[in-house]
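See structure below.
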């Protein structure tokens with residue numbers, strides 16, 4: 001009798017098939033338990049090892065013994081009774097195998113569906129291919145082309161008993177993101193856009209589509225005292241299948257080694273494309289208290305607004321504990337540098353913040369000459385536009401994939417009114433790196449307005465407002481009025497006030513109504529001026545100046561701008577809404593050159609050309625700009 005025939009007679013093939021199916025089902029069930037109970041991934045590998053080791057003994061057992069109605073008996077291979085018993089057992093094994101295969105098929109269908117989450121009805125994200133600068137066509141919404149290797153790191157969930165540890169979980173996520181971003185050839189979605197999905201039920205495939213990546217890294221952090229458990233899993237976005245997962249139980253002092261391990265594991269999974277062999281994570285500090293303060297301060301820096309004051313204190317405390325902590329110095333500099341844009345300060349306070357930002361940036365560069373953020377902060381403080389532009393470009397050179405630094409470098413060009421096409425190209429790149437950020441949409445919209453692409457400009461500015469960043473809103477308003485859309489603008493302002501209800505502050509409601517009355521002609525410039533004086537200088541920066549522009553009171557508009565300069569705030573931001581349709585009269589006004597002189601722009605323009613292609617002329621002894629090719 002041949003070996004094949006004997007293996008078949010003894011039911012060895014049937015037992016082997018049943019064993020493989022049972023093993024596969026066991027691995028699927030254990031995978032669910034590992035993810036649900038946050039068990040170490042090594043347990044899953046242990047189960048697989050046991051199943052593999054057990055296969056040979058089970059096959060030997062199936063050869064030697066047979067299960068009969070009288071119990072387990074050794075198979076001698078001789079009697080007709082044994083043959084009949086073996087045949088009867090074969091029929092039972094056939095039924096068992098069929099049932100097991102049916103269960104396996106059900107698991108294959110149900111398991112992926114069980115991980116699907118309901119997508120929101122309207123994710124609020126528009127992705128489109130933008131046309132070449134100079135065109136005004138609105139493209140159709142297109143699906144972004146995925147180009148592996150690429151990954152997005154979502155904000156890790158905080159599983160700690162203390163909800164305040166959310167900053168720690170988010171900080172660990174960002175540290176891993178930064179490590180992955182340092183790998184040449186790997187496209188990594190920017191932090192702000194990736195973290196915007198925190199707390200949502202957006203399915204993994206949709207997140208990947210919106211971020212234009214092929215893979216998603218998600219995870220959780222549980223911290224209790226000095227112990228940290230980090231669970232991470234890499235998911236193929238197209239199939240929603242896990243490519244890799246692991247759980248790390250460590251002391252807090254080992255946190256940097258864990259970050260390196262996770263990044264190395266991700267790179268290893270993509271190694272065939274990247275060719276990555278080593279990743280190194282040098283500890284930025286040996287003081288864990290300083291590190292925790294840094295993580296919280298950095299998170300507050302990203303939140304902007306009122307959070308900046310607490311962030312500044314945390315970062316000050318971090319560098320006090322570890323004066324050699326370069327990254328903490330860089331974020332301290334950036335926080336102090338941007339605070340004047342979010343709160344009102346008197347001249348002494350502004351000078352103090354500027355001094356702290358400069359000293360912190362210089363200290364960061366002493367410790368790390370490659371800190372793009374520190375260089376960008378010095379650029380932000382530089383009053384000479386040309387030097388500032390050179391510093392911004394240097395910052396981008398040091399951190400070419402930092403969407404924030406790209407946006408700052410592009411903004412300096414747009415605010416100066418020169419290098420419009422270059423600024424547009426930089427803003428498009430910043431947007432593609434970080435598409436779900438309000439300021440990136442707003443500044444890109446402004447760049448489109450400046451280059452005569454009104455529909456694209458309107459789309460991105462409105463998207464910026466949806467994302468909570470409305471600082472280019474006045475630009476769109478002035479541009480629309482210049483296009484004869486006053487009635488539509490008024491209707492939308494009324495609808496906005498009504499839709500916001502009690503969520504809209506009294507101050508914001510008043511400011512919108514002032515602009516609306518100015519557009520409708522029911523409030524004159526003297527009434528606006530009296531209300532402005534009663535409200536104070538901070539609110540005049542946006543709403544009242546917009547009202548003056550609507551009413552054509554350019555002197556009051558420039559008075560407000562110069563008053564801000566007198567208070568110590570070298571303000572380029574009004575330039576956001578003058579190099580647009582409807583802004584020509586402002587730029588051609590004689591006082592525009594006077595204010596620009598105070599901002600240090602004239603020498604810059606003399607060397608690189610006046611904004612928007614304008615020409616400097618003298619009419620009736622009045623020195624001004626003349627702009628014959630203004631965007632419509």
Number of the condition not met by residue 404 [criteria: (1) within 20 Å of the chain's Cα centre (by Cα); (2) not in a helix (DSSP H, G or I)]: (2)
Restricting to region 452-472, and then to whatever is under 24 Å from residue 395 (Cβ atoms) and more than 19 Å from the chain's Cα centre (by Cα), can you tell me which residue is modelled with the lowest pLDDT? 471
If you go through region 239-266 one residue at a time, how many are assigned to a helix (DSSP H, G or I) and over 27 Å from residue 288 (Cα atoms)? 0
Return the total of residues in region 494-509 being surrounded by 15 or more Cβ atoms within 10 Å (Cβ to Cβ) and over 30 Å from the mean Cα position of the chain (by Cα). 0
When region 354-399 is checked residue by residue, the ones that are in a loop (DSSP other than H, G, I, E, B) and within 27 Å of the chain's Cα centre (by Cα) are 368, 369, 370, 371, 399
Would you confirm whether any residue within region 309-320 is part of a helix (DSSP H, G or I), modelled with pLDDT under 80 and in contact with a helix residue (DSSP H, G or I) (Cβ under 7 Å, 6 or more places away or on another chain)? no
Condition check for residue 365: more than 13 Å from residue 408 (Cα to Cα), buried (at least 17 other Cβ atoms within 10 Å of the Cβ) and modelled with pLDDT of 95 or more: yes
State the number of residues belonging to region 335-351 that are over 11 Å from residue 381 (Cβ atoms) and modelled with pLDDT of 95 or more. 1
Starting from residues that are touching a residue at least 24 places away in the same chain (Cβ under 8 Å) and crowded, with 21+ Cβ neighbours inside 10 Å, keep the ones in region 461-472 and report whichever is farthest from residue 544 (Cα to Cα). 463
Any idea how many residues of region 230-248 are crowded, with 18+ Cβ neighbours inside 10 Å and farther than 13 Å from residue 151 by Cβ? 6
In region 592-632, residue surrounded by the fewest Cβ atoms within 10 Å (Cβ to Cβ) [restricted to those that are within 35 Å of the chain's Cα centre (by Cα) and over 22 Å from residue 581 (Cα atoms)]: 608
From 595, 617, grab the single residue that is touching a strand residue (DSSP E or B) at 6+ places or on another chain (Cβ under 8 Å) and over 21 Å from residue 447 (Cβ atoms). 617
So, of the residues in region 180-222 that are in a loop (DSSP other than H, G, I, E, B) and touching a strand residue (DSSP E or B) at 6+ places or on another chain (Cβ under 6 Å), which turns out to be nearest to residue 405 (Cα to Cα)? 189
Would you confirm whether any residue within region 440-449 is touching a residue at least 60 places away in the same chain (Cβ under 8 Å), over 22 Å from residue 210 (Cβ atoms) and assigned to a loop (DSSP other than H, G, I, E, B)? no
Restricting attention to region 321-347, report how many residues are assigned to a helix (DSSP H, G or I) and either in contact with a helix residue (DSSP H, G or I) (Cβ under 8 Å, 6 or more places away or on another chain) or within 13 Å of residue 298 (Cβ to Cβ) (or both). 17
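The values are calculated or read from the model by the stated rules, or taken from the named source; none is laboratory data. Because the structure is predicted, anything quoted here is derived from the model rather than measured. Virtual Cβ from ideal backbone geometry, glycine too; neighbours counted across all protein chains shown.
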